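Comments concern the structure below.
None of the figures in this text is laboratory data; all of them are computed from the coordinates on show. In this text, all values refer to a predicted model and were calculated from it rather than measured experimentally. Glycine gets a Cβ as well: all are built from the backbone with ideal geometry, and neighbour counts include every protein chain shown.
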Amino acid sequence: MTSPLSAEQIGSYWADGFLFVENAITDEQLTALVGDFEAWADESRSHSEPYGDTLANRPRFDMAPEHTADDPRLRRVASPIEVSDAYLNVMRNNRALDAVAQLIGPNVEFNNAKINAKQPGSSTEVKYHQDFMFQPHSNEDLVACLFFLDDVTLENGPLNVVPGTHQSELFDHWHDGVYTGAVSPEVEAAHVEHALPIYGPAGSACLMHTRLLHGSAPNQSDKPRTLFIAEYRAEDAKPLQVNHLPSIYEGEVVRGERTNRVRCSSYEMEFPEVPTGASFFSQQAKADAPGNSADRR
Ligand SMILES: O=C(O)CCC(=O)C(=O)O
């Protein structure tokens, strides 16, 4: 294990709630991840509906509405580490994970993983939300690592983060009795002008605090934008709700050791709804339709 972060970077993470890290994975790892994703995208040509199976009995592979055999639009792979040695290897071994161990370690567990892809011209967007509102734990030491499998630019749908919001309140993700998986339009409007796009070369990663307010824009370019997202937690952060992306690897200690301790912080929130659908993106779109719930995870 290495210690890639300087004291200044550690301070910056805790002040802003995120940190951009270049060369988070090796070139070999990147090539392997991209190769497997391209094979899945190709395989998706022969499917018109979400397919595959996961521990949650929900489809593993999900496509955007405009998907066709000629123009495949695979946009989500749930728990790719269960069906790919390349993804499993990166989940367990990468520079960003060493950084996570510096931030919330030494003892770190794997929480969950997914791929979010936006093909060129995709209208897919992610509404502003805080990850913790989907996955309450006994404390808030959870970090999402978003690995760039493509160069991320201002045009191809970058992640947008609102610095410092990990230290503000937990915003409600329920609205009029509907769990939308997003903050209210008023909260979004109050923060969006402070949002920063996170972009950089393939192989980079953004480390993000579980309370940080973030969203992401449509892909308006002719280049894809694919992210492998692995979430880790301090070993003494115990889940209080069913994992929305359950995996046979959940709870694996990936740095340090098991202590069998629980640490509690103090906060209040309304419990999230456990998702039932395959689709993350189309179900968040339901947030716009009164009376519908949005399984955006
Ligand atoms: O795919 C993206 O750009 C955003 C992902 C995200 O917001 C999340 O996984 O919580």
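Along segment 112-126 the Karplus relation, 6.51 cos²θ - 1.76 cosθ + 1.60 evaluated at θ = phi - 60°, assigns HN-Hα couplings of 7, 8, 6, 10, 10, 10, 10, 6, x, x, 5, 7, 4, 9, 10 Hz to successive residues, with x for each Gly and Pro. Among the trypsin sites (Lys or Arg not before Pro) within segment 220-266, which fall in a DSSP loop and have no more than 15 other Cβ atoms within 10 Å of their own Cβ? Within segment 220-266, the qualifying trypsin sites (Lys or Arg not before Pro) (loop, at most 15 other Cβ atoms within 10 Å) are R258, R261, R263. Couplings 3J(HN,Hα) of segment 82-97, computed from phi: 7, 10, 8, 5, 5, 5, 5, 4, 5, 4, 8, 9, 6, 5, 5, 5 Hz, in residue order, whole Hz [Karplus 6.51 cos²θ - 1.76 cosθ + 1.60, θ = phi - 60°; x for Gly and Pro].
Net charge in the neighbourhood of S216 (other residues with Cβ under 10 Å of its Cβ; Lys, Arg +1, Asp, Glu -1) is +2. Rounded to whole Å, the principal axis extents of the Cα atoms in segment 150-267 read 47, 38, 25, largest first. Using the Cβ-Cβ distance between E257 and D42 with R0 set to 35 Å, the FRET efficiency works out to roughly 0.30.
For segment 44-59, 3J(HN,Hα) computed residue by residue from phi via the Karplus equation (6.51, -1.76, 1.60; θ = phi - 60°) reads 5, 4, 8, 10, 10, 10, x, 8, x, 9, 10, 4, 7, 6, 10, x Hz, glycine and proline entered as x. On the basis of the beta-carbon distance and an R0 of 25 Å, Q220 and D151 show a calculated FRET efficiency of 0.95. Summary value for segment 65-218: 32 percent relative contact order, contacts being C-alpha pairs under 8 angstrom separated by 6+ residues. Our summary gives the chain a relative contact order of 27 percent, counting only alpha carbon pairs under 8 angstrom and 6 or more residues apart.
Loop-located chymotrypsin sites (Phe, Trp or Tyr not before Pro) across segment 227-272 with a Cβ neighbour count of 13 or fewer within 10 Å are Y267, with loop assigned by DSSP. With the alpha-carbon atoms of the chain aligned to their principal axes, the span from lowest to highest coordinate is 49, 48, 37 Å, starting with the largest.
Judged by the mean number of other Cβ atoms found within 10 Å, the most tightly packed of the peptides 67-79, 155-167 leads the ranking 155-167, 67-79.
Note on the chain: lysine pairs with Cα distance below 26 Å, sequence gap of 8 or more or different chains, count 9.
As a test of the formula, what do you get for the chain when each DSSP H run with n ≥ 4 contributes -39,500 (n - 2.57) and the sum is divided by the residue count, at 222 nm and rounded to the nearest 500 deg cm²/dmol? Using -39500 (n - 2.57) per qualifying helix, the result is -5500 deg cm²/dmol.
Semi-axis lengths, largest first, of the ellipsoid equivalent to segment 72-221 are 24, 21, 15 Å, with √(5λ) applied to each eigenvalue of the Cα gyration tensor. Restricting attention to segment 8-58, which GluC sites (Glu not before Pro) occupy a DSSP loop and are surrounded by at most 15 other Cβ atoms within 10 Å? Those that pass, being in a loop and sparsely packed, are E22.
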